[in-house]
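Shown next, in structure tokens, is the structure this report addresses.
The values are calculated or read from the model by the stated rules, or taken from the named source; none is laboratory data. Keep in mind it's a predicted model, so treat the numbers as computed, not measured. Cβ atoms come from the backbone with ideal geometry, glycine included; neighbour counts cover every protein chain shown. Protein only, heavy atoms only, side chains kept; ligands, DNA and RNA dropped before computing areas. Shrake-Rupley method; radii C 1.70, N 1.55, O 1.52, S 1.80 Å.
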Amino acid sequence: MVKFLMHGCNGKMGRMITEIVKGDENAVIAAGVDSYTEVANEYPVFDSIEKCDTDVDVVIDFSTAKAVDGLLDYCVAKKLPVVLCTTGLSEEQLKKVEEASRTVAVLKSANMSLGINLLLKLIKDAAKVLAPAGYDMEIVERHHNQKLDAPSGTALALADSLNDAMDGAYHYVYDRSQVRQKRDQKEIGISAVRGGTIVGNHEVIFAGTDEVIEFTHTAYSRSVFAKGAVEAGKFLAGKGAGMYDMGDVVGL
């Protein structure tokens with residue numbers, strides 16, 4: 001039985017993970033952390049992670065970027081593996097994540113769904129064939145109007161997968177409105193749409209001469225991310241120091 005500490009337990013994802021774990025005979029949420037404590041939980045909830053003294057095996061984090069520094073300090077001090085699902089981290093915070101992974105197991109993924117992680121592999125394989133043949137590569141991501149960061153962490157991960165396939169020779173373009181010039185062959189365009197209650201839609205476009213190939217992933221519910229986070233937490237239990245991602249969980 002894997003015991004979780006749910007960091008951000010009273011947010012939308014935290015509550016969804018709580019419900020999913022209730023039906024999992026191999027896991028339990030032993031404690032939660034959230035600055036908002038006016039929710040009836042079946043486990044103890046602390047308003048800051050420093051106050052948590054419950055014995056756990058793994059931390060699952062769905063909080064905010066500003067809470068990540070304290071989370072990493074806590075996990076390093078307690079030698080606790082952490083599934084880090086919060087996006088929008090600064091460059092300085094990403095360096096801190098790398099430093100923490102030298103002491104504890106850190107699983108960081110821009111997107112916890114199985115489908116997205118399979119897509120990362122598929123588009124990398126496609127880029128190796130299509131980009132050298134002159135196909136332009138574009139990414140369009142769509143999310144709900146409450147999402148804070150743009151482009152999404154998943155869109156950046158998709159762009160990185162394309163660029164890795166080309167040995168890092170491409171650069172990213174987020175906004176063409178300020179520059180009046182034709183598209184550079186070695187660029188990856190990333191466009192962000194925000195509106196309504198769109199859970200998440202990512203489209204990768206390979207546009208060639210007289211031919212367009214598209215890969216699309218649509219999430220209809222946040223439950224796909226919650227289920228992935230739970231599986232990641234179970235995978236990470238007992239793992240040694242290092243950086244992991246969902247590709248390790250699903251065996252890609």
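If we only count strands (runs of 3 or more DSSP E) wholly inside region 197-252, which ones have 1 or more residues that are surrounded by 17 or more Cβ atoms within 10 Å (Cβ to Cβ) and either in contact with a Pro (Cβ under 8 Å, 6 or more places away or on another chain) or not aromatic (Phe, Trp, Tyr) (or both)?
In region 197-252, 200-208, 211-219 are the strands (runs of 3 or more DSSP E) which contain 1 or more residues that are surrounded by 17 or more Cβ atoms within 10 Å (Cβ to Cβ) and either in contact with a Pro (Cβ under 8 Å, 6 or more places away or on another chain) or not aromatic (Phe, Trp, Tyr) (or both).
Suppose we keep only residues that are over 18 Å from Thr87 (Cα atoms) and buried (at least 20 other Cβ atoms within 10 Å of the Cβ) within region 53-66. Which one would you say is farthest from the chain's Cα centre (by Cα)?
Top of the filtered list is Val56.
With the checklist (1) open to solvent by 40 Å² or more (accessible area, probe 1.4 Å); (2) touching a helix residue (DSSP H, G or I) at 6+ places or on another chain (Cβ under 9 Å); (3) in a helix (DSSP H, G or I) in hand, flag the one item Ala169 doesn't pass.
With (1) open to solvent by 40 Å² or more (accessible area, probe 1.4 Å); (2) touching a helix residue (DSSP H, G or I) at 6+ places or on another chain (Cβ under 9 Å); (3) in a helix (DSSP H, G or I) applied to Ala169, the lone miss is (3).
Can you find a residue in region 75-93 that is at pLDDT 95 or above, in contact with a Ser or Thr (Cβ under 9 Å, 6 or more places away or on another chain) and of a type in the set (Val, Ile, Thr)?
Within region 75-93 (the criterion being at pLDDT 95 or above, in contact with a Ser or Thr (Cβ under 9 Å, 6 or more places away or on another chain) and of a type in the set (Val, Ile, Thr)), the answer is yes, since at least one residue qualifies.
Within region 124-148, restricting attention to residues that are exposed (fewer than 15 other Cβ atoms within 10 Å of the Cβ) and either in a loop (DSSP other than H, G, I, E, B) or under 18 Å from the mean Cα position of the chain (by Cα) (or both), which residue is modelled with the lowest pLDDT?
Ranking the qualifying residues of region 124-148, first place goes to Leu148.
Filtering region 81-97 down to residues that are under 15 Å from Tyr244 (Cα atoms) and aliphatic (A, V, I, L, M), which residue is most open to solvent (accessible area, probe 1.4 Å)?
This residue is Leu94.
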